[in-house]
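The values are calculated or read from the model by the stated rules, or taken from the named source; none is laboratory data. Keep in mind that what you see is a predicted model, and the values were worked out from it rather than measured. Methodologically, a virtual Cβ is constructed for each residue, glycine included, from the backbone with ideal geometry; neighbour enumeration extends over all protein chains shown.
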Amino acid sequence: MVFEALNSFLGLLGLVTLVFKVFTFVDCVTRRGELFPAAGKQTKAFWLIILGIASVWNFFSSSPIGIINLIGIVAALVYFLDVRPALRDLGGGGRGGGSPFGPRSGSNW
């Protein structure tokens, strides 16, 4: 019974991390390539390779808490929490640009 619960938890954790990594990969695909260096970040190709490998590895891996998966989670978190906001601040909204309510300021959101 304990092992079944642990197995279910690890399966759910694997699914959640896979969805998050695929989301960050798709978000990266939708961003304009010239914004990455303008924001002082690595190139778009760099992030596509890192996030793509992380997503594929997560899909085929049997353990969501393996070292490669943990490195992939860290890479996806860095993209999500550091690179993505910097690109959005430069007007690099992937799906049609910025907010319909005007430019985003850090204190309002």
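Numbers below:
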item: Members of the range 52-82 that are aromatic (Phe, Trp, Tyr) and out of contact with any Cys (no Cβ under 9 Å at 6 or more places or on another chain); result: Trp57, Phe59, Phe60, Phe80
item: Unique residue being assigned to a helix (DSSP H, G or I), closer than 30 Å to Gly11 by Cβ, in contact with a Phe, Trp or Tyr (Cβ under 9 Å, 6 or more places away or on another chain) and modelled with pLDDT of 95 or more when the list is Val74, Val83; result: Val83
item: Test set (1) in contact (Cβ under 8 Å) with a residue 12 or more places away in the chain; (2) over 17 Å from Val78 (Cα atoms); (3) among the β-branched types (Val, Ile, Thr); (4) not in a loop (DSSP other than H, G, I, E, B) - Val56 fails condition number; result: (1)
